[in-house]
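Report on the structure given below.
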Amino acid sequence: MKDFPNLYVAQIDNKVIVHGSNLKDFVISLNSVVKNLKPYMFYYRLFKKIDYMEHIAEDGRKFYLQKVL
């Protein structure tokens with residue numbers, strides 16, 4: 001697990017739709033699914049404080065973003 005220090009996941013309807021070990025790449029991948037994301041630095045600062053957040057897309061879908069490791 002030393003080579004895998006972080007794991008970020010985005011889920012909707014109890015299914016993981018995007019995952020990544022690097023936050024910047026995770027946000028870029030998630031942006032291809034969800035169009036109204038905030039900038040990378042917003043998530044960087046927020047994940048320093050909390051491990052879980054909700055995001056509501058433009059079409060009303062509710063995504064759950066989580067830092068697992």
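Given the pairs Lys15/Lys38; Lys35/Lys62; Lys38/Lys62, which are separated by over 20 angstrom at their Cα positions? The answer is Lys15/Lys38. Here the accessible area is traced with a 1.4 Å probe on the protein chains. For the chain, carbon and sulfur cover 51 percent of it. Full extension of the segment from Tyr44 to Asp3, taken as 0.36 nm per residue of separation minus the current Cα-Cα distance, would add 12.8 nm. How far, in degrees from 0 to 90, does helix 40-49 lean away from the longest principal axis of the Cα atoms of the chain, to the nearest 10? Taking Cα atoms only, the helix is inclined about 60 degrees.
Label point of Glu58 set 7 angstrom out along Cα-Cβ; within the stretch 16-30, amide nitrogens under 20 Å from it belong to 18, 27-30. Each of Leu46, Ser29, Leu7 was placed along the dipole of the stretch 1-62 (beta-carbon charges, centred on the mean Cα), and the one lying farthest toward the positive end is Leu46.
Equivalent ellipsoid semi-axes for the chain, as square roots of 5 times the alpha carbon gyration tensor eigenvalues: give them largest first, rounded to whole Å.
Details: eigenvalues 72, 34, 25 Å².
Taking √(5λ) for each Cα gyration eigenvalue gives 19, 13, 11 Å.
In square angstrom, what is the accessible area per residue of the chain with a 1.4 angstrom probe? Let's see the in-between values first.
On the way: 4890 Å² over 69 residues.
Here the per-residue accessible area is 71 Å².
If you take the beta carbon distance between Gln66 and Lys35 as r and set R0 to 25 Å, what does 1/(1 + (r/R0)^6) give as a FRET efficiency, to the nearest 0.05?
Efficiency at R0 = 25 Å is approximately 0.80.
The values are calculated or read from the model by the stated rules, or taken from the named source; none is laboratory data. It should be emphasised that the depicted structure is a prediction, and the values quoted were computed from it without experimental measurement. Reconstructed Cβ throughout: ideal geometry from the backbone, glycine too, with neighbour counts over all protein chains shown. Areas reflect the complete protein model, heavy atoms only, side chains present, ligands, DNA and RNA absent. Shrake-Rupley method; radii C 1.70, N 1.55, O 1.52, S 1.80 Å.
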